[in-house]
């Protein structure tokens, strides 16, 4: 697989994962098993998870941004979204 295709798909996946509510799901599971007993520990845990998710999202934006800028230089800013869409779904260079 071409490196720009991997960067594009991985970047989109990371951005999507950065929005997934991992903190709330993990807090619920940990409370059910008795590992989180106070609201303060849950809040601290939530902040740590959110911090990790922010970093993951920024890495995703960085990966997609590099591909987007290269595509915009190659095809122009107006055609870049269509070319990126074709690249993401079909895995080949857009015409």
Just one listed residue, out of 87, 47, 62, is under 19 Å from residue 13 (Cβ atoms) and either surrounded by fewer than 12 Cβ atoms within 10 Å (Cβ to Cβ) or without any contact (Cβ under 8 Å) to a residue 60 or more places away in the chain (or both), and it is 62
If you scan the stretch 14-67, which residues turn out to be within 30 Å of residue 4 (Cβ to Cβ) and not in a helix (DSSP H, G or I)?
20
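No lab work stands behind these numbers, since they all come straight from the coordinates. Worth saying up front: this structure is predicted, and the values here are computed from it rather than measured. Reconstructed Cβ throughout: ideal geometry from the backbone, glycine too, with neighbour counts over all protein chains shown.
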